[in-house]
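Before any comments, here is the structure.
The values are calculated or read from the model by the stated rules, or taken from the named source; none is laboratory data. Please read these numbers as outputs of a predicted model, since none were measured by experiment. Backbone-built Cβ (ideal geometry, glycine too); neighbour counts: all protein chains shown. Ligands, DNA and RNA are excluded from the accessible area calculation, which covers all protein heavy atoms including side chains. Shrake-Rupley method; radii C 1.70, N 1.55, O 1.52, S 1.80 Å.
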Amino acid sequence: MSKQRPPLTKQQKTGLRVAAGLLPVLAMIIAIGAINEEDTPPPPAATTTEAPAEQEPVEAAAEPKPASAGPEAVLTVENNEDFAALLAAVEDHDLFEEFAAKYQGRTIEFDGTIAAMNHHSDSKTRYDVLVFAGDRIESGVTGPNFQFNDVNITSDLRLTGSNIPDTIGVGQKLRITAEVEGYAEDTDLFLLDPVSTEVR
């Protein structure tokens, strides 16, 4: 003999109706969510590779060149390429003549050594002084045969320095500042007019 279930209460019937009405709504929400998941592309995978940093170009170090000397500047091997080439040349008479013509009247400055001293003509107090660039007067000499022509040692050479000797002669080392007078091709002499002569 089966037992009969008690009849549903009013509240239970109402709950069942509400639940039955919600089922289609829930089914619709689930379906929409599934459609959206299919249409949405997956996010890009995260990468740890960083773009290479741009490097600034590195300029190659240029070889140092003598600075350019202005029109009134004293020419030295440090500020004038032509003068540096002149002092490094060996018996290049064309170069000597070209430099003398280009820079006639300009002042040059360099270290030199007295290579020879002779009385000028019959004078006892005036000399022709031959000067080589650098410290050598025998082998390995470069540059022209510089000459102070017809000069008095005490007044024309304008000797300066902390220790001026009573006399100067062959082998005396000098710091020469002089004006370019010209180049005498027939005697192979590069003539200078002394501005100041510092005893080294």
Among 179-192, 112-125, how do they line up by average Cβ neighbours within 10 Å per residue, starting with the highest? 179-192, 112-125
Carbon and sulfur atoms account, in whole percent of the 1.4 Å probe accessible area of the stretch 89-200, for 41
Between A184 and R126, how high is the FRET efficiency from 1/(1 + (r/R0)^6) when r is the Cβ-Cβ distance and R₀ = 30 Å? Nearest 0.05. 0.95
Please calculate how many Å² of accessible area the stretch 81-200 carries per residue, with a 1.4 Å probe and no DNA, RNA or ligand atoms counted. 53
Taking a label point 7 Å from the Cα of E72 along the Cα→Cβ vector, which residues of the stretch 171-192 have an amide N closer than 20 Å to it? 177-180
